[in-house]
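Written out below as structure tokens is the structure these notes cover.
Throughout, read-outs are computed from the coordinates displayed, never taken from laboratory work. Note that the structure is a prediction, hence the values are computed from the model and not measured. We place every Cβ from the backbone using ideal geometry, glycine too, and count neighbours over all the protein chains shown.
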């Protein structure tokens, strides 16, 4: 989530809490969040949360089975086989992506994919039909229409809908062949939305928590930000889906529903920025700047 | 600069160099860069390069005097007074900004601004008149028209033009008062373009080299990404303009001119992505994804 206030010296920050809630104005982001009720939030199913567990922290993504069922099924196979355990983050390219998987992929020493498929039909887009899209009334450089489905940013043409490469989105790396993405190499967007990748690669979800652990990794000095020395690799302890994790270790998190009045007000608060810092609120908002809120459950 | 290829295993990367140049296709990014001539590039004046010199690396920005002459003049005063030397990077907020200045600003222990002004009239925008704008024929969520002036991304309405908050842009932090930005606190954009800040804060330039040293900094755990413990501060050795730096230490860098056929072809190559990896090139490009190339001079 983006902050409300922008650039203040520290002494002002310390006195901010009491003044930043403005009861007279119902449409600051803070007031919208404060006025939200329990029914404005949903708790993702444990089996739809993907935990990327590193040595000292973790990143949690929500997956979007409606958009990439075959890829997600394949990743479930890989996770069930413990394929990712002890593999590595092998790439961090500035203003672009962080990528993880088997450093030996493609060589003789590659880890077996077990029961998972090696090739999959791409799921770069899906039929628009059957999706409940909450539209965002905003111009978009890349698509005629944009909006949200269950918290995920989507774009559409008349026939097709696809998840969009916003910051924190989770995708499936591939080689030249469109069928070469199988889920054994995953990436997260850590820079300005590379929307030219939309419909060219399969996206499967978005981050809910911990993306800063990926976005702050040192950039690789090799071509495309690959780490050149394996000492730079960041070890993956495990990837698990939520239902495979002992209950006491599961993240208690909820996500703002996007099919509610509260979400409409939230978007409005991000669009008009009635916070007193702003002298000339945009009155417009771009899809990837909406950032659907997620929060720790009490 | 963005790479051309996207997600490849390492063994493929190693064989890539020979295949990624495609002589039959004049409009891949690589072929456009290779076909560019010396006159397609310009060498920024040393006095327009701002060096942020840290302990073990540096970040170099080009400033845009046409957009913020008063702020840049004030920063020249501060730099001449060595105001920034031994100050710190005090904030890194994920998907947003890195900020630097005096941690004691606003307190009794604040460093004196010397001959520099404490308040300045905002330069959030300027008259459109008198600017040579190279238009980008692209929809923009925030402005009716977007384009480039001397390599800087700009947006306009009928009367006004302003620099836009793209990744790597350099700005002047301010408090609540619009006149409170004076250049003593600077920030760089290190996340998805926060375009809602356009026309609300004075931008003064954009990065040419080294932004990864800022974007990979650990995120601050305080509100708005401020570092809570001063041990987390990243020390600034100095800020200098290029002409103040011994000639042998100056960066030899050149920037692609944006008023040329070559730049138009570059934009086209980024729009249509004729590289063989892409199966469904966007045919569109958003302002902040253009990223005007800069390169080391031979």
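Among the residues of segment B:194-216, are any more than 16 Å from the chain's Cα centre (by Cα) and over 28 Å from residue B:178 (Cα atoms)? Break it down into steps so the answer makes sense when it comes.
To start, the set of residues in segment B:194-216 that are more than 16 Å from the chain's Cα centre (by Cα) comprises B:196, B:199-200.
Then drop every residue that is not over 28 Å from residue B:178 (Cα atoms), which leaves none.
No: segment B:194-216 contains no residue that is more than 16 Å from the chain's Cα centre (by Cα) and over 28 Å from residue B:178 (Cα atoms).
Only one residue in B:106, B:101, B:130, B:114 is closer than 24 Å to residue B:166 by Cβ and more than 21 Å from the chain's Cα centre (by Cα), so which one is that? Talk me through it step by step, then tell me what you get.
On the way: B:106 fails: closer than 24 Å to residue B:166 by Cβ; B:101 fails: more than 21 Å from the chain's Cα centre (by Cα); B:114 fails: closer than 24 Å to residue B:166 by Cβ.
So the residue among B:106, B:101, B:130, B:114 that is closer than 24 Å to residue B:166 by Cβ and more than 21 Å from the chain's Cα centre (by Cα) is B:130.
With the structure loaded, tell me whether residue A:265 is part of a helix (DSSP H, G or I) and in contact (Cβ under 8 Å) with a residue 24 or more places away in the chain or whether it fails that test. Steps first, answer last, please.
Values: part of a helix (DSSP H, G or I): yes; in contact (Cβ under 8 Å) with a residue 24 or more places away in the chain: yes.
Yes.
For segment B:95-110, name all the residues that are over 30 Å from residue B:212 (Cα atoms) and within 8 Å of chain A (Cβ to nearest Cβ).
The first filter runs over segment B:95-110 and keeps only residues over 30 Å from residue B:212 (Cα atoms), leaving B:107-109.
Residue satisfying the conditions is B:107 alone.
Restricting attention to segment B:67-88, which residues are farther than 18 Å from residue B:242 by Cα and either assigned to a helix (DSSP H, G or I) or within 17 Å of the chain's Cα centre (by Cα) (or both)? Let's see the steps before the verdict.
First pass over segment B:67-88, keeping only residues farther than 18 Å from residue B:242 by Cα: B:67-68, B:70, B:86-88.
The answer is B:67, B:68, B:70.
Collect the residues in segment B:268-298 that are under 27 Å from residue A:180 (Cα atoms), part of a helix (DSSP H, G or I) and facing another protein chain (nearest Cβ under 9 Å), keeping them in residue-number order. Quick ask: steps written out before the conclusion?
Going through segment B:268-298, the residues under 27 Å from residue A:180 (Cα atoms) turn out to be B:269-285, B:289.
If we keep only those that are part of a helix (DSSP H, G or I) as well, we get B:269-272, B:289.
Listed by number, the residues that qualify are B:270, B:271, B:289.
Just checking, which of B:199, B:160 is in contact with a strand residue (DSSP E or B) (Cβ under 9 Å, 6 or more places away or on another chain) and on the phi > 0 side of the Ramachandran plot?
B:199
Return the only residue of A:87, A:113, A:52 being in contact with a helix residue (DSSP H, G or I) (Cβ under 9 Å, 6 or more places away or on another chain), surrounded by 21 or more Cβ atoms within 10 Å (Cβ to Cβ) and either touching a residue at least 40 places away in the same chain (Cβ under 8 Å) or within 11 Å of another protein chain (Cβ to nearest Cβ) (or both). Show your work before the answer.
Details: A:87 fails: in contact with a helix residue (DSSP H, G or I) (Cβ under 9 Å, 6 or more places away or on another chain); A:113 fails: surrounded by 21 or more Cβ atoms within 10 Å (Cβ to Cβ).
Just one listed residue meets the conditions, A:52.
Which one of these is buried (at least 24 other Cβ atoms within 10 Å of the Cβ) and either within 30 Å of residue B:225 (Cα to Cα) or more than 7 Å from chain B (Cβ to nearest Cβ) (or both): A:199, A:206, A:219? Before the answer, list the steps.
Details: A:199 fails: either within 30 Å of residue B:225 (Cα to Cα) or more than 7 Å from chain B (Cβ to nearest Cβ) (or both); A:219 fails: buried (at least 24 other Cβ atoms within 10 Å of the Cβ).
The unique qualifying residue is A:206.
How many residues does segment B:168-183 hold that are out of contact with any helix residue (DSSP H, G or I) (no Cβ under 6 Å at 6 or more places or on another chain) and in contact (Cβ under 8 Å) with a residue 12 or more places away in the chain?
Taking segment B:168-183 and keeping what is out of contact with any helix residue (DSSP H, G or I) (no Cβ under 6 Å at 6 or more places or on another chain), we get B:169-171, B:173, B:175-181.
Adding the requirement that they be in contact (Cβ under 8 Å) with a residue 12 or more places away in the chain leaves B:169-171, B:173, B:177-181.
Residues in segment B:168-183 being out of contact with any helix residue (DSSP H, G or I) (no Cβ under 6 Å at 6 or more places or on another chain) and in contact (Cβ under 8 Å) with a residue 12 or more places away in the chain: 9 in total.
Consider residue B:118 against the criteria (1) out of contact with any strand residue (DSSP E or B) (no Cβ under 7 Å at 6 or more places or on another chain); (2) away from every other protein chain (no Cβ under 14 Å); (3) touching a residue at least 24 places away in the same chain (Cβ under 8 Å): it satisfies all of them except one. Which criterion is unmet?
Single failed check for residue B:118: (2).
Do the conditions hold for residue B:175, that is, is it farther than 15 Å from residue B:203 by Cβ and within 11 Å of another protein chain (Cβ to nearest Cβ)? Working first, answer last.
Numbers: farther than 15 Å from residue B:203 by Cβ: yes; within 11 Å of another protein chain (Cβ to nearest Cβ): yes.
Yes; evaluated as a whole, the condition is true for this residue.
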